Amino acid sequence: MNLSITPHKLLSTFTLHDYPLNTFVRRGIALTVLSFIITVGLSQTAMVDSLAHQAKYDSALQIVQRHTRDSMEVKTLIWLANYSFKKDSRLSFRYFREALQLSEHIQYRKKIPLLYNNLGQLHQELGNYDSSLIFHRQAITLGLTINDSHQVSDAYQGISSIMLWRAKFDSAKLYLAKAQAISEKNNDFAGLATIYNYRGNIFVQEGNNAEALKQYILSAQLQDSLVHDPIKQATALANIGNIQYKMGNMDKAIRYTQEAQLLALKNDFGKVLAYTSQQLGRIYRKQKKFNEALVEYKKALAAYLRMGMQKHAAETYLGIGNIYFDVSDLKEAQNQYTFALRICKKTYNDQLMGIVYSAMGSSCRELKQYDRALSFGDSARIIGKRINDQYTVMDAYEILAEISEDQHQYKAALDYYQQFSDLKDSLNEAGNKSEMQELEMKYQNEKKITEIELLKSAQTLQTFALSRQRLIITSIIIALILVIAIGLLLVNRYRIMNRAKRLIEIERVRNTIARDLHDDIGSTLSSINILSQVGLVEKGENAQSYLQRIGDQSARIMEDMSDIVWSINPHNDSMSQVIIRMREFATEIFESKNIDYHFSEKVEASLTLDADKRKNLFLIFKETINNAAKYSNASKIEINLHQYDHTLAMHIKDNGQGFDELTITTGNGLRNLRERAKEINGKVTLKSGIGNGTEIELRLPIA
């Protein structure tokens with residue numbers, strides 16, 4: 001297996017070049033302190049970037065959830081798909097598909113070829129080759145129509161990759177040549193690096209490891225000198241490591257693979273990490289470090305299954321089966337081969353299927369299941385010839401010869417061995433190995449030359465930097481002074497804003513108290529004054545009636561005053577104090593009426609309410625309780641006060657006589673409840689029917 005990076009620019013990667021700061025240290029204590037301040041500031045960059053990236057992700061989700069159905073939502077969906085691609089290809093697939101559906105709906109043709117290509121690539125990762133071909137061909141058709149040559153090139157690369165997996169090597173080269181012509185015309189060096197990598201994969205499958213290494217080195221050279229994309233660089237290094245493994249240079253194979261793994265880990269690219277684990281598994285198996293190999297293979301398998309990459313998972317099952325074969329656990333080896341074979345048949349991966357058939361034939365031979373072994377060996381030979389995979393054919397001949405020899409069919413065994421030997425000689429492994437070692441040596445020498453040139457460039461830059469240090473230091477000091485000044489201004493502004501908010505809050509509370517005193521207390525006192533004047537001229541029972549009404553009005557004033565004082569007292573901010581007052585009021589009302597009631601609450605102890613919410617909540621509760629006690633003729637009342645996330649719900653239900661809701665829609669009581677609820681952004685709902693009791697619920701936002 002060879003790793004190929006997607007040609008579609010799913011993720012953008014930037015590089016950072018650092019320059020030495022030793023000269024700053026030699027400037028003295030002041031500059032040392034300044035360098036320390038700068039270092040501390042830079043150490044916060046990673047945290048700030050992480051928070052900014054998370055904030056951008058949250059903002060993107062909010063944009064999508066608003067369903068604006070415009071080009072901005074398309075771009076946001078594409079960003080989310082790119083963001084998800086490293087870790088979850090299936091989630092990335094979902095976002096790309098939603099972006100495509102929206103683009104087609106709003107006729108946003110500019111992005112459609114890119115979306116076709118990305119969906120084609122993801123279908124290929126999932127082993128859906130027919131669907132992948134459809135999307136890439138659609139990208140070519142529309143890309144040519146709107147003159148988007150970049151996406152046309154990417155589509156050709158995608159089709160070439162599918163042809164490779166189907167072992168149609170000539171077709172794979174043809175499409176890759178079309179893509180290369182476009183990339184060369186546009187000076188697209190990143191695209192060329194990817195194309196060289198793809199061409200190397202084709203040569204590996206053809207058994208031409210020397211030419212494959214040449215292509216991988218060309219890809220790595222472009223990455224080193226021009227492109228500087230760490231993910232694609234890791235891909236090229238991993239593939240060079242694979243060639244070194246095929247050559248038998250295990251130390252070099254491990255070094256290249258671990259270098260690729262480090263780059264992938266640093267850039268959090270799961271596909272390359274999984275591949276490097278799989279490749280280390282193959283290398284450790286070659287070194288007979290079976291436990292280490294099994295650990296690496298299982299890490300790779302878990303990652304591939306999680307990402308839905310079936311063709312790579314099939315290869316990993318094959319590798320795990322080989323480990324069990326090596327340690328003579330043949331039954332478990334056959335189980336792993338069976339898993340690989342199922343995926344190969346499902347994804348029409350003939351090339352890997354031929355290899356699995358060979359492995360199954362070997363395991364059946366060891367178990368002396370000769371009929372099955374012959375069947376698998378012959379299937380491997382047929383597939384290998386059909387797809388022109390000489391290595392699979394060679395392995396099949398060797399297995400068939402061994403099986404024939406075990407069964408004492410020496411003539412057939414001799415024929416198979418002769419065909420095996422002839423094919424092996426024709427592949428000329430020795431010459432290829434020498435040529436590949438020479439190529440690898442040239443690449444290493446070129447890397448060293450490049451490093452020397454970079455060092456010379458760095459020295460030149462340092463020489464120029466010495467003349468600019470004073471200006472840089474002065475600029476930094478000025479910048480620090482400005483930052484401090486701006487910080488002080490922001491702190492002062494924050495204090496002023498807080499003070500203004502407190503004054504506004506105090507003014508609002510004062511206005512509320514004044515309004516309550518005027519509306520409730522003032523009107524009641526006026527009534528008492530009128531009643532007292534009338535009572536002075538009345539005699540007998542009429543005077544007694546007026547005195548009774550004055551007493552009632554006075555009691556109500558005292559109660560309203562108590563409610564106002566209680567609502568503005570900061571000691572009563574906590575919800576626990578509100579609940580205590582509610583219980584006291586309910587007990588006082590219901591016990592005098594011999595009404596059975598049940599009061600339950602599930603509210604956080606730390607919950608607090610501002611004065612407005614606290615007052616209106618209690619007044620709504622109070623009026624509801626009074627109405628239930630006076631008019632419902634109920635014998636039982638249930639009161640529930642519960643907190644759900646950021647909502648406080650109060651539910652009061654009685655078993656009284658109820659009423660027809662249509663007859664009271666304009667009543668003052670219910671209107672007062674709804675107006676009070678509206679003042680605190682709450683909502684009151686009522687449910688009642690004659691003979692069915694009454695239910696009133698208040699939902700109040702508390703965050």
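General observations
- On the basis of the beta-carbon distance and an R0 of 30 Å, I472 and K266 show a calculated FRET efficiency of 0.55.
- 3J(HN,Hα) along segment 116-131: 4, 5, 5, 5, x, 5, 5, 4, 5, 4, 8, x, 8, 5, 4, 4 Hz, from the Karplus curve 6.51 cos²θ - 1.76 cosθ + 1.60 with θ = phi - 60°, whole Hz, x for Gly and Pro.
- Extension gain for A605 to N147 (0.36 nm times residue separation, less C-alpha to C-alpha distance): 158.4 nm.
- Positive-end residue, segment 88-237 charge dipole about Cα centroid, Cβ charges, pick of L91, S131, Q223: S131
- Separation of the F189 and V491 label points, Cα + 7 Å toward Cβ, nm: 4.9 nm
- Sorting M561, M309 by accessible area puts them as M561, M309; the probe is 1.4 Å, largest comes first, and only protein heavy atoms count.
- Rounded Å value of the spacing that divides the Cα centres of segment 121-152 and segment 262-302: 31 Å
- Per-pair calculated FRET efficiency, R0 = 51 Å: T338 and T647 via Cβ, rounded to 0.05: 0.40
- Working from label points 7 Å from Cα in the Cα-to-Cβ sense, the Q418 to N498 distance is 9.7 nm.
- When T608, T624, T338 are compared by accessible area of protein heavy atoms, the largest-first order is T608, T338, T624, using a 1.4 Å probe.
- Taking the C-alpha atoms of segment 162-296, convex hull volume expressed per residue in Å³: 107 Å³
- Calculated over segment 219-272: convex hull of Cα atoms, volume per residue (Å³): 65 Å³
- Treating r as the C-beta distance of D170 and M72 and R0 as 45 Å, the FRET efficiency rounds to 0.50.
- Cross-link partners of K331 among lysines (Cα-Cα below 16 Å; sequence separation of 8 or more within a chain): K368
- Sequence of H642, H598 from largest to smallest accessible area, 1.4 Å probe: H598, H642
The values are calculated or read from the model by the stated rules, or taken from the named source; none is laboratory data. These figures come from a predicted structure and were not determined experimentally. Here Cβ is always computed from backbone atoms with ideal geometry, including for glycine, and neighbour counts include all displayed protein chains. Protein only, heavy atoms only, side chains kept; ligands, DNA and RNA dropped before computing areas. Shrake-Rupley method; radii C 1.70, N 1.55, O 1.52, S 1.80 Å.
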